[in-house]
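One structure is given below, encoded as structure tokens.
The values are calculated or read from the model by the stated rules, or taken from the named source; none is laboratory data. As the structure is a prediction and not an experimental result, all values here were calculated from the model. We place every Cβ from the backbone using ideal geometry, glycine too, and count neighbours over all the protein chains shown. Just the protein is used for accessible areas: all its heavy atoms, side chains included, with ligands, DNA and RNA removed. Shrake-Rupley method; radii C 1.70, N 1.55, O 1.52, S 1.80 Å.
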Amino acid sequence: VIEVEPCWTNIQKREMHLRASLLGGPATRSPAPLCAAGSPLFVLSLACLIDSEQEETITSWRAAGSLWPDLTAATCELEGTPGLLGARKAWSGGSWDGLQGTGAGGLPRWLGAKLRQLRPVVGSSLDSVLLLRLCAEEALAAGPGKRPLTVGEMSTNWGPDLREALVARYSSSEAEVSSAFASAREAWMAEDSAGWRAAHRWHEGAIAPLRRALRRASEEGGHGVRVLSAMPPRTTEELLSHAQLGGGIECCEAAAAEATLVTLRQRWPDADMVYIDDRAEAVRAAAADVRLLSLRLAYAEWGSASPSQAALAASFPRVRRLVNPSDLAAVLE
């Protein structure tokens, strides 16, 4: 007879490990800091505060250059109107001018614009690099009777199966691609930290209410703020510190959002816990988790939301819709 360990036990072990990493102590339950019952605990994605699309796209271009230098060189030499390469005039105000030539980091403008349109399906640095290569390959292969895949076609078919197929097609591995992206980012930060920071755009209206929430938590002994980020903690902290948002914020892994929320809820069961994210799937997962029924949930539409993702989040009545960054004030205050 084979004894199978209950799934719930595995979940508990994973959450205990998360508790250790999140709270800086052993993976055992220990007394929580004293805070007033009902003290707010805010958990929000970094994308609610900052638009990192340009930085991630340029970093992906740099990573692609290290992995496939011949492909990126050939992409830079492509001639013809951007429309033949897979771009659309509508992306640049109805003119081809903004889609011609190269932009920051030597990235062809038409390619940067197409990746910006694909942003809603990008869930990781791996996705960003693979989509960049796919767009470049499609443009290089275009010709009489053969057009590049459209943004709609790519978005509709993007998922684990296509991702795996592309990794195999490019004779690479997920670890190799992700490592190339991380190395490209570190190199950029070391070479030009000011330029790297400038590639991020802070969402106007989101920072002031967050600063007030942090100040209130410090003065009243609250639980502070957790920021979910796909970047390494050191990189996220660099950005937050530059925006004078370092104190009172802890960085957590965005990919483990649901488990992080469960761990925090178990740690502080009486906290007034609020979760805000621009990823519809992550918000939906939280809304459907019975362990998180006491949380207040909000979906930030100003991130990389697509109409279908906004509709998905709206399908849960308990999820509050935030249209503009300034709407954060109503949730954080």
If you count the DSSP beta bridges with both ends in the chain, what percent of them are antiparallel, to the nearest 5?
15
For Asp51, list long-range residues whose amide hydrogen, built 1.01 Å from N in the peptide plane, is under 5 Å from its own amide hydrogen.
Arg201, Trp202, His203
Packing-ranked peptide list from 287-294, 319-326, highest mean Cβ count within 10 angstrom first, is 319-326, 287-294
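Rounded to the nearest 0.05, what FRET efficiency do Asp97 and Ser326 give with R0 = 35 Å and r taken as the Cβ-Cβ distance? Could you check?
On the way: r = 32 Å, r/R0 = 0.93.
Step by step, r from the Cβ atoms, then E = 0.60.
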Ignoring any ligand, DNA or RNA, what whole percent of the accessible area of the chain comes from carbon and sulfur when the probe is 1.4 angstrom?
53
Taking a label point 7 Å from the Cα of Arg318 along Cα-to-Cβ, the residues of the range 279-306 whose backbone nitrogen sits under 12 Å from it are 284-298
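Work through the residues other than Pro160 whose Cβ is under 14 Å from its Cβ and net out their charges, Lys, Arg +1 and Asp, Glu -1. If you can, show how the numbers build up before the last one.
Working: positive: Arg163; negative: Asp127, Asp161, Glu164, Glu174, Glu281.
That sum, taken over residues with Cβ under 14 Å, equals -4.
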Structure-derived Cα extents along the principal axes in Å: which label, when the choices are (1) 56, 50, 44; (2) 134, 39, 25; (3) 67, 60, 41:
(3)
If you place +1 on the Cβ of every Lys and Arg, -1 on the Cβ of every Asp and Glu, and leave all else neutral, what size is the dipole of the chain about its Cα centre, to the nearest 20 Debye?
640
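Would you mind getting the accessible area per residue of the chain, heavy atoms of the protein chains only, 1.4 Å probe, in Å²? Display every interim value, and only then the final one.
Working: 16090 Å² over 333 residues.
Heavy-atom accessible area per residue stands at 48 Å².
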Relative to the Cα centre, what is the charge dipole magnitude of the range 40-141, using +1 at the beta carbon of each Lys and Arg, -1 at the beta carbon of each Asp and Glu, and rounding to the nearest 20 debye?
220
